[in-house]
Amino acid sequence: MFRLRIPRRRPTTSRLARLAAAVATVALVLTLAPPASAAGRLVPIVGIGSTWSANAISAWARNVQARNIQVEYEAAGSTQGRVQFREGKAHFGVSEIPYGLKDIFSGTDSKGSRQSAYMPIVAGGTAFMYNLKIGGRRVTNLRLSGEVISKIFTGVIRKWNDPAIKADNPGLSLPARSIIPVVRQDGSGTTAQFTLWMSKQHPAIWNAYCAKFSKPAPCGITSVYPRQAGLGFVGATGSDGVSGYVRQENVEGAITYVEYSYAINAKFPVVKVLNAGGYYVEPTASNVAVALTRADINNNPSSPDYLTQILDNVYRSTDPRTYPLSSYSYMIIPTKIEYNLTNDAGFTLSKFAYYFLCEGQRQAEVLGYSPLPINLVEAGLRQVQKIPGHEPLTNIPQTLRGCNNPTVSADGGNALAKSAPQPSPCDRKGTTQTGTGTAGARQETPVLSAARCGGGGNSAGGGTPGAGTPGGAAPGGDTATGGPEATGGPGVPAGGVAPQIDPDTGEVVGAAGAAGGEQVAAVPVSLDGEGGWRLQHTVMLLAALLLIALVVGPPLVSNALHGRRRDDYRADR
């Protein structure tokens, strides 16, 4: 919702007069202004639905205010988006899934009688944002396979130092800290996409979890995540709710599923997920674009589910750059004058849609999403022509050329997917791991020397992260101190003494360095040491002088000014 907030203070008569004049002026301008188009005029419109795509929609709504387009969007979740639109309480809804899917926990939500169509609005990746530290330092390079993720969110894996998580992260000394899975407690398209992926890729794990709630196999998609007492799960409402919970400092060990943009905004990392090509990747705009080249889109214009997605081939794509949990979000648009829809509202909705289908897609990557490919932009523009009262497009191909969509290439392919970089060799499944951070936490995490990948990625065994070669590691495998690295085995420093790791925090204890590194003790500065008393007394003296100035200064200045005014008055007489 976008409202102007005016500070509360008692207005004076002059301020009231100026305000009244301003309001009168605005009213006069609005009265005299010509209509936006012969086809219709701009009126406020209301939408409701997905929190997954809310960051993009909110940014677009702010941007079009300069064009006198007023869009009020309530991020209440995809389920509410479908329900409220169906009941005629919004001009448009937004959802990651269509009507009619059988929900194993809440049943099937029908489309109802309202006439509508689906229109893709943006692409993105469902990410796994987490809060984990080792030795007081935030982990930013965590990697997990799909099987491990599924076991975490079904309560099978409950500690961060589980052997399966260690296998995904050979470069980290993971703490024996409890995992706190944070799930949506409201009806959510993000939950639907996540559970659909688990049901397709790891059905045995998901079916076993559903059986605890007396649900028969196969257990499919659900928008309402089931939680069982005693497994440490936490429920929160909306994408803001789950990401806000995870980012708290006192909930170390928490992990949630949320759209990538929320982790970026929170300045938190996300999990690099293992894909079918054998690489751990994050949901960058290009990795999502690569993945969705494998999506099956319903291209039958006469189908009620026209343009909706089937993602099975995305999950199974062997391209090393693919992010497996990539998908589209959809706007549900009206196609008939009924309920609260007018031609003017349809006209305004069409203007908003033209903006985000073209210009808005150029902002997608910055916002933490991935732009629609040009074929779906074209299909979206054609869907807009179904909205009653829409502003007509006489030449859609010409409109497309003016969109400057970042996915367009000369041969008709997806330019963003073609230019997507290959993942680091260090992030191929195996015994190496890069220290590069992710999402909103790009700072590097030191990795154990035994897992260091050549001269790339940084090491817990010496050097200063961010200085020169990442982690202070010199090309050829030498440490930052020069000379070849000598270890007594994986994670064992020169001298053959393994570091002692606190099982709860992962912090190195004792004098032994981590993976051959050198322990540096912080030495506090004392005010009582040599010369310290001078600093202490100086600070106290300055504080006393400041206090005297604050107490005595104002009366002296006031008296001086008063005396001067008295002298001036006498002189005038």
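The values are calculated or read from the model by the stated rules, or taken from the named source; none is laboratory data. Remember, predicted model here, so these are calculated numbers, not experimental data. As a convention, Cβ positions derive from the backbone with ideal geometry for all residues, glycine included, and neighbour counts pool all protein chains shown. All accessible areas refer to the heavy atoms of the entire protein, side chains included, with ligands and DNA or RNA removed. Shrake-Rupley method; radii C 1.70, N 1.55, O 1.52, S 1.80 Å.
Here are some notes:
- Set 221, 310: member being at pLDDT 95 or above and touching a helix residue (DSSP H, G or I) at 6+ places or on another chain (Cβ under 7 Å): 221
- Hits in segment 62-106 - residues which are part of a loop (DSSP other than H, G, I, E, B) and not hydrophobic (A, V, I, L, M, F, W, C): 68, 70, 77, 87, 88, 89, 91, 96, 98, 99, 100, 106
- In segment 223-252, the residues that are more than 22 Å from the chain's Cα centre (by Cα) and within 23 Å of residue 52 (Cα to Cα): 226, 227
- Close pairs (8 angstrom Cβ cut-off, 6 or more residues apart or separate chains): over 10 Å from residue 373 (Cα atoms) and touching a residue at least 24 places away in the same chain (Cβ under 8 Å) in segment 397-418, in a helix (DSSP H, G or I) and aromatic (Phe, Trp, Tyr) anywhere: 399/354
- Test: residue in segment 328-351 that is hydroxyl-bearing (Ser, Thr, Tyr), assigned to a loop (DSSP other than H, G, I, E, B) and open to solvent by less than 40 Å² (accessible area, probe 1.4 Å): no
- Total residues in segment 195-214, condition open to solvent by less than 60 Å² (accessible area, probe 1.4 Å) and outside any helix (DSSP H, G or I): 2
- Given (1) more than 30 Å from residue 418 (Cβ to Cβ); (2) surrounded by fewer than 16 Cβ atoms within 10 Å (Cβ to Cβ), index of the condition residue 225 fails: (2)
- Top-ranked residue of segment 152-194 - restricted to ones that are crowded, with 22+ Cβ neighbours inside 10 Å and of a type in the set (D, E, K, R), ranked as nearest to residue 322 (Cα to Cα): 168
- Within segment 124-151, restricting attention to residues that are of a type in the set (Ser, Thr, Tyr) and not in a helix (DSSP H, G or I), the residue that is surrounded by the fewest Cβ atoms within 10 Å (Cβ to Cβ) is 145.
- Residues that are open to solvent by 30 Å² or more (accessible area, probe 1.4 Å) and within 22 Å of the chain's Cα centre (by Cα), drawn from segment 264-292: 264, 265, 267, 274, 279, 284
- Cross-chain or 6+ apart pairs with Cβ under 6 Å, segment 360-374 first and closer than 15 Å to residue 327 by Cα and in contact (Cβ under 8 Å) with a residue 12 or more places away in the chain, then of a type in the set (Val, Ile, Thr) and open to solvent by 10 Å² or more (accessible area, probe 1.4 Å): 368/264
- Failed criterion for residue 65 (all others in (1) in contact (Cβ under 8 Å) with a residue 60 or more places away in the chain; (2) open to solvent by 10 Å² or more (accessible area, probe 1.4 Å); (3) within 18 Å of residue 262 (Cβ to Cβ) hold): (3)
- Selection from segment 396-419 of residues that are assigned to a helix (DSSP H, G or I) and under 30 Å from residue 320 (Cβ atoms): 403, 415, 416, 417, 418
- For first residues located in segment 108-121 and touching a residue at least 60 places away in the same chain (Cβ under 8 Å) and closer than 13 Å to residue 307 by Cα, partners that are open to solvent by 20 Å² or more (accessible area, probe 1.4 Å) and assigned to a strand (DSSP E or B) and lie 6+ apart or on another chain with Cβ distances below 9 Å form the pairs 120/297; 120/309.
- Checking each residue in segment 364-395 for being of a type in the set (S, T, N, Q) and either part of a loop (DSSP other than H, G, I, E, B) or open to solvent by less than 40 Å² (accessible area, probe 1.4 Å) (or both) picks out 370, 383, 385, 394, 395.
- Flag if residue 257 is in a strand (DSSP E or B), under 22 Å from residue 189 (Cβ atoms), open to solvent by less than 10 Å² (accessible area, probe 1.4 Å) and of a type outside the set (Val, Ile, Thr): yes
- Filter pass, residue 401 being modelled with pLDDT of 80 or more, under 20 Å from residue 270 (Cα atoms) and not polar (S, T, N, Q): no
- Criterion violated by residue 438 - all others in (1) of a type in the set (Val, Ile, Thr); (2) in contact with an Asp or Glu (Cβ under 7 Å, 6 or more places away or on another chain); (3) surrounded by fewer than 23 Cβ atoms within 10 Å (Cβ to Cβ); (4) under 27 Å from residue 278 (Cβ atoms) satisfied: (3)
- The residue that is least open to solvent (accessible area, probe 1.4 Å), among those in segment 310-324 that are touching a residue at least 40 places away in the same chain (Cβ under 8 Å) and within 21 Å of residue 118 (Cα to Cα), is 311.
- Restricted to segment 51-61, and to residues there that are among the small types (Gly, Ala, Ser) and in a helix (DSSP H, G or I), the residue that is nearest to residue 187 (Cα to Cα) is 54.
- When segment 410-424 is filtered for residues that are farther than 14 Å from residue 319 by Cα and surrounded by 15 or more Cβ atoms within 10 Å (Cβ to Cβ), the ones remaining, listed by number, are 414, 415, 416.
- The set of residues in segment 76-115 being open to solvent by less than 50 Å² (accessible area, probe 1.4 Å), touching a helix residue (DSSP H, G or I) at 6+ places or on another chain (Cβ under 9 Å), over 14 Å from residue 334 (Cβ atoms) and not hydroxyl-bearing (Ser, Thr, Tyr) consists of 76, 77, 96, 97, 98, 103, 104, 109.
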